[in-house]
1. Nearest 10 degrees is fine. How inclined is helix 19-28 to the longest principal axis of the chain, computing both from alpha carbons?
2. For the chain, what is the relative contact order in percent, using Cα pairs closer than 8 Å and at least 6 residues apart in sequence?
3. Give me the accessible area per residue for the chain, probe 1.4 Å, as a whole number in Å².
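The values are calculated or read from the model by the stated rules, or taken from the named source; none is laboratory data. Note that the structure is a prediction, hence the values are computed from the model and not measured. Side chains are part of the model used for accessible areas, which takes the heavy atoms of the whole protein and leaves out ligands, DNA and RNA. Shrake-Rupley method; radii C 1.70, N 1.55, O 1.52, S 1.80 Å.
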Amino acid sequence: MMRSSSKKWFVLCTRPKNELKVTERLTGIGVEVYTPTRIEVKQWSDRKKKTLVPLLPSMVLVSLQEKQ
């Protein structure tokens with residue numbers, strides 16, 4: 001028997017390149033969020049920079065109760 005208070009994982013679709021902002025805001029209001037990321041080196045003509053890139057583009061995973 002499953003409890004009604006058990007949490008399930010859901011996928012939220014976001015606008016492109018806003019995954020990390022959505023993660024920060026949801027974490028700020030107390031929602032359990034998972035956004036897998038990787039470090040990618042981007043190169044311009046004058047420099048290289050390490051940036052965090054989401055593995056799942058336009059998606060954020062959240063753990064919520066069904067009633068929420």
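1. Compared with the principal axis, the helix lies near 50 degrees.
2. Working: 103 pairs, mean separation 31.4, N = 68.
Normalised by residue count, the contact order of the chain is 46 percent.
3. Details: 5910 Å² over 68 residues.
Computed with neighbouring chains in place, this is 87 Å² per residue.
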